[in-house]
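The values are calculated or read from the model by the stated rules, or taken from the named source; none is laboratory data. In this text, all values refer to a predicted model and were calculated from it rather than measured experimentally. Heads up, the Cβs are rebuilt from the backbone with ideal geometry, glycines too, and the neighbour counts pull from every protein chain shown. SASA here: full protein model, heavy atoms, side chains in, ligands and nucleic acids out. Shrake-Rupley method; radii C 1.70, N 1.55, O 1.52, S 1.80 Å.
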Amino acid sequence: SKGITEADYKNAIVTNNRTIKALQDQKNIVQQKMLTLNKDSDKYQEYADQLSELDKKIFETANGNAELKKSIVDLRFEQFDEAQDKLDDLIEDYGNLRDMMDSDTFYNDDGSFTDTGLANISLINKEMDAYKQKISDCTAELDLLEKLKKNGMVTADEYKERSENALNKIQQASKSLYSSQQNLLDMYENKITKENDLLQENIDKRKKAL
């Protein structure tokens, strides 16, 4: 489906709707003619065959529309899925980079952050941004699902599966976001603890000097 846009699908649906309307009109004409004929006559049978052929075509065209609607929905969700995959890759990259860092090298002797410590903070912030984006995208997906459900563009099963999946992702991302926030807090708490320890050490040294 690469290169086919939502507009292409919508145009095809409009064309199909016109076809269905034309077939319905033909069907009405045939039915009108049948009213004047004897049910046992050959002509009546001929029209009855035409009628069943028209019904078949209407059914096939309507089916085609259902497929086209599904393609539109798939196309929209494809964009969400691709965005989620990209975010997952980013989060994994940030995690790998953080794993390579040694937490013993995050602080200078005076308690201030080293370049490595600052790099770790930057990665945690980027992680948090990615989790927030995941939550925002999944929320937008839930809104779209509601809209599509109202317009009869998704089946009940699709709606259920997609909604549960999006809610699950929001839950996971929220937990991960909380965990990243804790990591960030820990970095600053450790910094304050180290600075306080150093301050206390200096006070003790001065006391001894007196």
Ranking Gln50, Asn17, Cys138 by how far each Cα lies towards the positive end of the charge dipole of the chain (+1 on Lys and Arg Cβ, -1 on Asp and Glu Cβ), the top one is Gln50
With +1 at each Lys and Arg Cβ and -1 at each Asp and Glu Cβ, the charge dipole magnitude of region 159-210 around its Cα centre, to the nearest 20 debye, comes out at 80 debye
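Under a Cβ-only charge scheme (Lys and Arg +1, Asp and Glu -1), can you give me the dipole magnitude of region 20-90 about the Cα centre, in debye to the nearest 20? Intermediate values should be presented prior to the final figure.
Details: 11 positive and 16 negative charges, 135 e Å.
Using Cβ point charges on Lys, Arg, Asp and Glu, region 20-90 gives about 640 debye.
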In degrees, nearest 10, the alpha-carbon axis of helix 42-99 is tilted away from the dominant principal axis of the alpha carbons of the chain by 10 degrees
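Counting helices only, and only those DSSP H runs with n ≥ 4, report the 222 nm mean residue ellipticity of the chain as the sum of -39,500 (n - 2.57) divided by its residues, in deg cm²/dmol to the nearest 500.
Values: 4 runs with 178 residues, N = 210.
Result for the chain, helices only: -31500 deg cm²/dmol.
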log10 I(q)/I(0) for the chain, Debye formula on C-alpha points only (no solvent), q = 0.10, 0.11, 0.15, 0.17 Å⁻¹, two decimals, reads -0.70, -0.77, -1.01, -1.12
Ranking Phe80, Tyr188, Ala62 by how far each Cα lies towards the positive end of the charge dipole of region 53-201 (+1 on Lys and Arg Cβ, -1 on Asp and Glu Cβ), the top one is Ala62
Checked against the positive end of the charge dipole of region 123-210 (+1 on Cβ of Lys and Arg, -1 on Cβ of Asp and Glu, about the Cα centre), the farthest of Leu210, Ala166, Met153 is Leu210
Among Asn151, Asn16, Asn183, the residue with the largest mean-square fluctuation in a Gaussian network model of the chain built from Cα contacts under 10 Å is Asn151
Sorted by chain and number, the residues with a modelled amide H under 5 Å from that of Tyr107, at a separation of 5 or more or across chains, are Thr114
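What full-extension length gain, to one decimal in nm, is calculated for Gln45 and Asp115 as 0.36 nm per residue of separation minus the Cα-Cα distance? Let's see the in-between values first.
Numbers: separation 70, 0.36 × 70 = 25.20 nm, distance 8.88 nm.
This chain segment gains 16.3 nm when fully extended.
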Over the chain, with neighbouring protein chains present, the accessible area per residue in Å² at probe 1.4 Å is 68 Å²
Highest mean packing first, using Cβ neighbours within 10 angstrom, the peptides 69-79, 128-138, 18-28 sort as 128-138, 69-79, 18-28
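Taking the Cα centre of the chain as the origin, how large is its charge dipole in debye, to the nearest 20, when only Lys and Arg (+1) and Asp and Glu (-1) carry charge on their Cβ atoms? Could you put the intermediate results ahead of the total?
Values: 31 positive and 42 negative charges, 217 e Å.
With only Lys, Arg, Asp and Glu charged at Cβ, the dipole is about 1040 debye.
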So the carbon and sulfur contribution to the accessible area of the chain, 1.4 Å probe, in percent, is 50 percent
The extension gain from Gln32 to Asp55, computed as 0.36 nm times the residue separation minus the Cα-Cα distance, is 6.7 nm
Scoring the chain by relative contact order with C-alpha pairs under 8 Å, at least six apart, yields a percentage of 19 percent
